[in-house]
Amino acid sequence: MNNELIIVMTKGIYDEVSSVGLTLANGAMTAEMSVGLFLTSSAIDLVRRNGVNHTHVAPMEPLRELLRAFIERGGRVWACPPCTEARGYDQSCLVEGVEIAGASVIFERIKAGARTLTL
């Protein structure tokens, strides 16, 4: 059985759903799932250097801590190329551990049986 989860996030630093997405991602890793985040639209700002420093949705942990923990635990983060380009971001604008990659990275995993969640 495939224990991989792909979470597609579309909400950015000013939306509480981004905290929910990162909390779920960390929870899935605690449940021993392999987790990847695919960020689109305003969710790209979650991985812009210093972007997550602006948001804390109490009572959840600050976004920067949720993202840091996720990446340190081996979570994969992919940023949509057209979405990063539309904001004028390149790889140097993003936090360490984030890869600019197209949807093919998640589709190959979905074809292999990964579960998906969209927020």
message: I'd like to verify a number: residues in the stretch 27-40 that are assigned to a helix (DSSP H, G or I) and surrounded by 18 or more Cβ atoms within 10 Å (Cβ to Cβ), how many?
response: 1
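Which is open to solvent by 60 Å² or more (accessible area, probe 1.4 Å), in contact with an Asp or Glu (Cβ under 8 Å, 6 or more places away or on another chain) and either under 19 Å from ALA31 (Cβ atoms) or of a type in the set (Ser, Thr, Tyr) (or both), of ARG115, ARG87, ARG73, ARG109? Quick ask: steps written out before the conclusion?
Numbers: ARG87 fails: either under 19 Å from ALA31 (Cβ atoms) or of a type in the set (Ser, Thr, Tyr) (or both); ARG73 fails: in contact with an Asp or Glu (Cβ under 8 Å, 6 or more places away or on another chain); ARG109 fails: open to solvent by 60 Å² or more (accessible area, probe 1.4 Å).
Going through ARG115, ARG87, ARG73, ARG109 in turn, just one is open to solvent by 60 Å² or more (accessible area, probe 1.4 Å), in contact with an Asp or Glu (Cβ under 8 Å, 6 or more places away or on another chain) and either under 19 Å from ALA31 (Cβ atoms) or of a type in the set (Ser, Thr, Tyr) (or both): ARG115.
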message: For SER41, only one of the following conditions fails: (1) on the phi < 0 side of the Ramachandran plot; (2) out of contact with any His (no Cβ under 6 Å at 6 or more places or on another chain). What is its number?
response: (1)
- request: Six or more apart or on different chains, Cβ under 6 Å: which pairs go from a residue in the stretch 55-68 that's closer than 17 Å to LEU94 by Cβ to one that's surrounded by fewer than 17 Cβ atoms within 10 Å (Cβ to Cβ) and not hydroxyl-bearing (Ser, Thr, Tyr)? Could you list them?
  value: ARG64/ASN53
task: Give just the number: which of (1) surrounded by 14 or more Cβ atoms within 10 Å (Cβ to Cβ); (2) assigned to a strand (DSSP E or B) does GLU99 not satisfy?
output: (1)
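The values are calculated or read from the model by the stated rules, or taken from the named source; none is laboratory data. What you see is a predicted model, and the numbers here were worked out from it, not measured in a lab. As a convention, Cβ positions derive from the backbone with ideal geometry for all residues, glycine included, and neighbour counts pool all protein chains shown. Side chains are part of the model used for accessible areas, which takes the heavy atoms of the whole protein and leaves out ligands, DNA and RNA. Shrake-Rupley method; radii C 1.70, N 1.55, O 1.52, S 1.80 Å.
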